[in-house]
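Here's the structure, in structure tokens; my notes come after.
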Amino acid sequence: MNLIEEILMIIGTIMFPYGLYDIAKGEGDKHVKILLIGISLTLFIVEFLLVR
């Protein structure tokens, strides 16, 4: 794995929980929040699988 990819993956992993927290505490409809969290989780999993 490329060093830059690994550094970006570590940064993304560290920042991911804050992003989910920020979505959850923000203003908006409950269904939209659930959709955004689901999309975020899916993209993170895909990214994690592609990097490894």
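FYI, it's all coordinate maths here, none of it is from the lab. Keep in mind it's a predicted model, so treat the numbers as computed, not measured. Reconstructed Cβ throughout: ideal geometry from the backbone, glycine too, with neighbour counts over all protein chains shown.
Loop-located GluC sites (Glu not before Pro) in the chain (DSSP state not H, G, I, E or B) with no more than 13 neighbouring Cβ atoms inside 10 Å: E27.
About its Cα centre, the chain has a charge dipole of approximately 180 debye under the convention of +1 per Lys or Arg Cβ and -1 per Asp or Glu Cβ, with nothing else charged. As a calculated quantity, the FRET efficiency between D22 and L50 at R0 = 30 Å, using C-beta atoms, amounts to about 0.80. In the frame of its principal axes, the chain has Cα extents of 40, 16, 10 Å, reported largest first. Peptides 32-38, 13-19 ranked from most to least packed by the mean count of surrounding Cβ atoms within 10 Å: 32-38, 13-19.
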